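Report on the structure given below.
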Amino acid sequence: MKFKKYATLILLTILVIGFSKNTVFAAAKAAGTSTKAAVNTQNKTSSKKSYKKSDLRLMASIINCEAGGESYQGKLAVGIVVMNRVSSKAFPNTIRKVIYQRGQFSPVRNGALNKRLAQYDAGRTGSSQWKECIKAAKKVLSGQDYIMYRGSKKNFDSFHFFSVYLSGARFRLGGHRFK
């Protein structure tokens, strides 16, 4: 019994260190654990988050409205701000509630978001702009909280606001200011 406990611990260590799947399967076999269990353990250690299709739809559409004409990094930055708000106690705790919070996003007020959602639903997402918005949405929904700025990672996990006219901004990227 002790052997199985230690073998499982060794298996987990191997997964964390990052050995190949073949090594993991060999360790699982030696521990008497199935290879399926080894793969499941490996998947649990991944930092990639899962998300719903409805969240992807909404995130890609708001990114398209707010940053469709910006660089890819600008699109990521807008998506990260939305996710930062979801994680903050000062804002609602879902993507939908954050985006539809009264007075926060002008595309909600002026109807632009509804137009983008209709385009998404109709499958009219083949343009390079839409493809970048969807790619950025997938990244931020999977947990990315940084952008690449001048060749380095810029951590964006403390930004909760963006606008063209934002006073007291700490960072400027393209046509947006962030704080």
With an 8 Å cut-off on Cα pairs and a minimum separation of 6 or more residues, tell me the relative contact order of the stretch 57-123 in percent. 37 percent
Built amide H within the under 5 Å cut-off of Arg177, gap 5+: Ser163, Val164, Leu166
Out of Leu58, Val82, Tyr149 - ranked by how far each Cα lies towards the positive end of the dipole of the stretch 40-167, with unit charges on the beta-carbon of charged residues - the top one is Leu58
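Is the stretch 91-149 rounded, prolate or oblate when judged by the Cα gyration tensor, a ≥ b ≥ c being the square roots of its eigenvalues, rounded requiring a/c under 1.5 and prolate requiring a/b larger than b/c?
Values: a/c = 1.95, a/b = 1.04, b/c = 1.87.
Oblate shape, in that a/c is at least 1.5 and b/c is the bigger or equal ratio.
Can you give the convex hull volume of the alpha carbon atoms of the stretch 36-179 per residue, in Å³?
On the way: hull volume 19.6 nm³, N = 144.
Here the figure is 136 Å³ per residue.
Bear in mind these aren't lab numbers, they're just calculated from the coordinates by the rules spelled out. Given the structure is predicted, the values throughout are model-derived calculations rather than measurements. Quick reminder, even Gly has a Cβ in these numbers, built from the backbone with ideal geometry, and neighbours come from all protein chains shown.
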